[in-house]
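Here the structure is laid out as structure tokens; the discussion comes afterwards.
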Amino acid sequence: MFGLLSVGRKRTESELVAALQRGDGQAWRDVTEEYGPMLIGYATRLLKSRSAAEEAVQEAFVSVHAGLARFEGRCSVKSWLFRAVHNKAIDELRRKKRFVEPARDEDGEWERRFGGRMWAEPPREWAGSVGARIDAQRVLEVVKREVENLPHNHRQVLLMKEVHGLDSKEVCDVLEISPANLRVSLHRARRALRAAVERELGER
């Protein structure tokens, strides 16, 4: 991550920012390799189009590069990049509302993130049920479908927190919301997913 400065030592956040600001090509490659895939994944789930997501991420990197001199380090580089991509994706959603292809789970993130870890308590009838374990893929499909139906503000915090692994401060920095707002949105998103899963399991 962020390239070695000497044997056994990696760049600190401030060193990385300084390297980016002076146009260090290796620093840019490190950032692209570290964050590019997750940024494209996040934008794909918002825009439901891989090609639109790639374009949004590319535009975000151009915008970030142009604004490097103004970056004051008040948030992490990761938060900074996510905010830029998020803003580009929101601009696209507002500009053009039309049907696009659904996002695919090409890298297995949904299975890793929603295979049971996120629940404070597993949904009723799921825990300890052999049949439910066999139906794990069915449960994941329910979760993916329900995420698409969440209100936008709930969906974006869930994606950042549960799918892409941002911590609470990073999510608040990206979306410019308070910790209290984050907790409320995340709770409501999880509650909606839990209810959907329980309905599905109850209909088996």
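Read-outs throughout are calculated quantities, based only on the coordinates presented, and are distinct from any laboratory measurement. The structure presented is a predicted model; accordingly, all values stated were derived computationally and were not measured. Counting neighbours? That spans all protein chains shown, and the Cβs are built from the backbone with ideal geometry, glycine included.
Which residues among segment 142-172 fall inside the zone where the amide N is under 18 Å from a point 7 Å beyond the Cα of residue 93, along Cα→Cβ? Zone members listed by number: 144-166, 171-172. Taking the fewest neighbouring Cβ atoms within 10 Å as the starting point, the ordered list for 47, 182, 193, 93 is 93, 182, 47, 193. Taking the average, over residues, of other Cβ atoms within 10 Å as the packing measure, peptides 160-166, 62-68 rank 160-166, 62-68 from highest down.
In order along segment 12-18, the phi-based Karplus estimate (6.51 cos²θ - 1.76 cosθ + 1.60, θ = phi - 60°) of 3J(HN,Hα) comes to 7, 4, 5, 5, 5, 4, 4 Hz; Gly and Pro are listed as x. In terms of surrounding Cβ atoms within a 10 Å radius of their Cβ, 12, 32 rank from fewest to most as 12, 32. 3J(HN,Hα) couplings calculated from phi for segment 175-186 with the Karplus curve 6.51 cos²θ - 1.76 cosθ + 1.60 (θ = phi - 60°) are, in sequence order, 8, 6, 10, 7, x, 5, 4, 4, 4, 5, 5, 5 Hz; Gly and Pro show x. For segment 76-89, putting each phi into the Karplus relation 6.51 cos²θ - 1.76 cosθ + 1.60 with θ = phi - 60° gives couplings of 6, 4, 4, 4, 4, 5, 4, 4, 4, 5, 4, 5, 5, 5 Hz, in residue order, rounded to whole numbers and with x for Gly and Pro.
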